[in-house]
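The values are calculated or read from the model by the stated rules, or taken from the named source; none is laboratory data. Since the model is a prediction, treat every value here as computed from it, not as a measurement. Reconstructed Cβ throughout: ideal geometry from the backbone, glycine too, with neighbour counts over all protein chains shown. When the accessible area is computed, the model is the full protein with side chains, heavy atoms only, and any ligands, DNA or RNA have been set aside. Shrake-Rupley method; radii C 1.70, N 1.55, O 1.52, S 1.80 Å.
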Amino acid sequence: QKPKGLQTGRPGAVPGQWAQPMSRHIWAVAQPGRPHETGSSPSWPAPTVGSHEHVARRCIAQASTSPSAGVGKHHRLELRAGEGQVIILETGEIGRQAKGAIMATHGETVIYTTACCDDKPTGDGNFVPLTVNYAERFSASGRTSSGFIKRDGRTRDSEVLISRLVDRPLRPLFQKGWANETQVLQWVLSYDDVHLPEPLAITAASAALLVSEIPFQKAVAGVRVGWIDGAPLVNPTVQQMKTSTLDLVLAGTRDAVLMVEGYCQLLTDEQMMQCVTVGSQVVASMCEQMEAWVKGGAGQPKNMRQLVLLPEGLEQRVEGLVSAQLQEVYSRATTKDERSVAEGAAAGRALSTLVKGTVTANDVLVAFKSVQSEAMRRVVLDKGTRIDGRGLTDIRPIRSRANLLPRTHGSCLFTRGETQAIVVATLGGKADALKIDSMRNVAGTEVEEPFYLQYFFPPSSVGETGRVGMPGRRELGHGELAQRALAPIIPTGSDFPYTIRVESTITESNGSSSMATVCGGCLAMLDAGVPLVRPVAGVAMGLILDQATGKWVVLSDILGTEDALGDMDFKVAGDDCGRLTAFQMDIKVEGITLDIMTQALAQARKGREHVLGEMAKCSPAPRQILSPSAPRVIRIPVAVAQRAAVVGPSGRTVRQIREISGATAINISDEGVLEINAPGEASAQKAQELVDLLLNPPAKGRIFRGACVIGVQAFGVFVNIGPGCEGLVHVSELDTQMLADASSFVKVGESIDVMVLDNTQGKLALSRRSVLLSDSGQPTVPITAASRRAAAAALAAAAGPQGDLMQRSTGGGTNSRR
């Protein structure tokens, strides 16, 4: 490390300056008056012990003896990733001070990945302290953020989700006992809008760990698989994914699958397994190529000196003390609280007996967890029963209740065993859509999501205290899974022109709260009146695998303990006809076979059928109509020539429509669709009527009540029957009696009832007289031109010289103004 007080390129705290770096992480000190050549070994007098120069030389000496000192050799691998796909991995040129650094290139998409670790262990060896941070730079696609803050920095939700996607297949493959803080950093530096970065990020992270000294055991590779034209396609392009009904990301080793995450448009189990099979074959080939490359000189010797291992024989001693007690507890039906009390008593017994000498309490607790897992496994594998008394394929009791909250648009309380969620559906207009800005968008645009789900997991759901506020990685991941599971059943915008926001608050948690969110979200949307394509449900599958004998069983609807102590968490969502919408599999062992996945999918289908049957018993049932408190959204197509009439000068007309009707918003899209958002049915209908007035001429005989007088002349009055829609009531049509001057009869701002007499060339002729006759039950015969001329002449004769003026102002009786 550079000594404190000395700065690169500037005078330090002692005479001299820091010159250019000699190598990767050492600096040369140039003394005044002493010639120095970079990289040479000057014969300087020995510095004073403790001086800055002495510290600098000591740093140089330490760096020169480290395994990673000096400029590394450049290594390059052209990785074959399926038919016609080539990924380039490079190391040794960039990021040489990191423990491992990889530049991964696929087409013109480039990801820079580093792997580093602390020098000393920080954990107890029971959990890998791994952090993955993935970031997408706007500059990668030649863009700058459209937001106010232009600097890339704050992690976006999509980046957190990809970080989780990278983390999950890496975690099981660290050497047991590795407890050094480990960090994998990734930046997308170039994006070609052709090759998607997620599978490349998985492969690059694995390669960075492989070439480093960090004890990472096997190569991991990632691929994306689509379902296009009835067949699987590995690593499809962005354009091809637009026609794919499947988005599957798969990661694994040369031997087995480690992670699967996918979303699809109601594909079958068989189609999904076909895609997994094809993807796993490509992954196996990629892993073999990567491991051969590392063994050929690209990698460093692994650091096996700092593993945190338990004292020899401790696990056997803990097993002898508490294994029988734990197996007895796990062999009978118990609740979560009852098991916690029994497990605490067993742990206390082990601690009081074994903590002595060099054996610490932490050592005993780590060994206890291993014994606890083995006890649970023995009960499941040998007796075929589970810790809560259920059989291997049994689903916990289910209760559901819709219309839980009176003022929400749709709500549901869903309970499965000791897992419970309150799910709320909220409807809105286009302005309420989720807007996403990323490097993948076209410059200056934002992607709008009309359906999105937000998941909340407060610490109280497991009886604990903890941090609340911004969502954590787990909350974002669970919410994304539930959202993608429900997305295929959301109606199109033409069928249901609403933005749909679903909130899930977990009130109790003991396994599979994300799948409870799927079930509750489906019922809440039905309660809000959303016409779903079909109902879906989700269930989580577990695995107990004896690696020594190869014996395994799949568990349906796993508990939290079965998730923590088991080997797999496989969440599957879909309908009761064997069609899938989403699935996510995490493995805690080195991998599972395709046979295990096939069995898990078959059990999951039966589990979904049962869950959907229980959801159909929801009481009270979902209303399946719009709530009275829900907003109303109406969409009307508008021709290009009519848009200006609707908007009005400087938006005046559309503002008047909002003010008169009470509508929340009225917008016209680039596609020519006018959307009315109103707080209720009455205001929405009023706004629609006013818009219809502008788009379609009012029919003859239609009556408008309370039309506002906006102008008065001697020959008649101008009336506004709606924003941007005005007409003339001739003086002869103001009353059943002939009037000489309209200004003496009505004033500006007063309201009158009028009937449409004519609408030629967009000019409205209106009549108050016809409304009066209609209201009194008399026929509304319009005044003819001859009658008008005769009445005008009679009035002129009676008025004397004033009549000529009146006759001229009325057009000489010809009604030309009208």
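Remarks
- The order of the peptides 452-463, 311-322 by mean Cβ neighbours within 10 Å, most packed first, is 452-463, 311-322.
- Degrees, to the nearest 10: 157-170 long Cα axis against longest axis of the chain: 30 degrees
- Within the assembled protein chains, the solvent-accessible surface assigned to Thr237 is about 40 Å², based on a 1.4 Å probe.
- Ellipticity at 222 nm from helices only: DSSP H runs of n ≥ 4 in the chain, each -39500 (n - 2.57), divided by the residue count, give -9500 deg cm²/dmol.
- Applying a DSSP loop filter and a limit of 11 other Cβ atoms within 10 Å to the GluC sites (Glu not before Pro) in the stretch 381-475 leaves Glu464.
- Spread of Cα-to-Cα distances over 10 Å intervals beginning at zero, given as percent, for the stretch 429-482: 20, 36, 29, 12, 2
- Among Ile558, Ala433, Ser323 the positive-end extreme of the charge dipole of the chain (Cβ point charges): Ala433
- Exceedance of the 28 Å cut-off in Cα-Cα distance is limited, within the set Lys336/Lys383; Lys430/Lys606; Lys73/Lys150; Lys99/Lys176, to Lys430/Lys606; Lys73/Lys150.
- Note on exposure: Trp552, Trp187, Trp178 ranked by accessible area (1.4 Å probe, complete protein assembly) read Trp552, Trp187, Trp178, with the most exposed listed first.
- Comparing Cα centroids, the stretch 125-178 and the stretch 489-510 end up 27 angstrom apart.
- Think of each Lys and Arg Cβ as +1 and each Asp and Glu Cβ as -1; about the Cα centre, that makes the dipole of the stretch 299-453 roughly 220 debye.
- Of the residues Val364, Met615, Gly299, the one whose Cα sits farthest toward the positive end of the charge dipole of the chain, with +1 on the Cβ of Lys and Arg and -1 on the Cβ of Asp and Glu, is Gly299.
- Percent of Cα pairs exceeding the 15 Å cut-off, where the set is the stretch 160-219: 51 percent
- Under the criterion of Cα pairs below 8 Å and six or more residues apart, the relative contact order for the chain equals 8 percent.
- Under the convention that each Lys and Arg Cβ holds +1 and each Asp and Glu Cβ holds -1, the size of the dipole of the chain around its Cα centre is about 1500 debye.
- Projected area averaged over orientations for the stretch 323-453, convex hull of C-alpha atoms, nm²: 15.0 nm²
- The heavy atoms of Ser145 present about 20 square angstrom of accessible area, all protein chains included, probe 1.4 Å.
- Counted charge near Leu250, where neighbours are those whose Cβ lies closer than 10 Å (Asp, Glu -1; Lys, Arg +1): 0
- Under the combined filter of DSSP loop state and at most 10 neighbouring Cβ atoms within 10 Å, the stretch 561-660 retains these trypsin sites (Lys or Arg not before Pro): Lys617.
- Local net charge near Cys117, Cβ-Cβ under 10 Å (Lys/Arg +1, Asp/Glu -1): -2
- Dividing the mean sequence gap of close Cα pairs (under 8 Å, 6+ apart) by how many residues the stretch 381-422 holds gives a relative contact order of 27 percent.
- Trypsin sites (Lys or Arg not before Pro) restricted to DSSP loop in the stretch 185-265 with at most 12 other C-beta within 10 Å: Lys242
- Of the options (i) 71, 38, 23; (ii) 74, 29, 21; (iii) 51, 31, 24, only one is semi-axes √(5λ) of the Cα gyration tensor in Å as computed from these coordinates, and that is (i).
- About its Cα centre, the dipole of the stretch 148-210 is roughly 260 debye, where the only charges are +1 on Lys and Arg Cβ and -1 on Asp and Glu Cβ.
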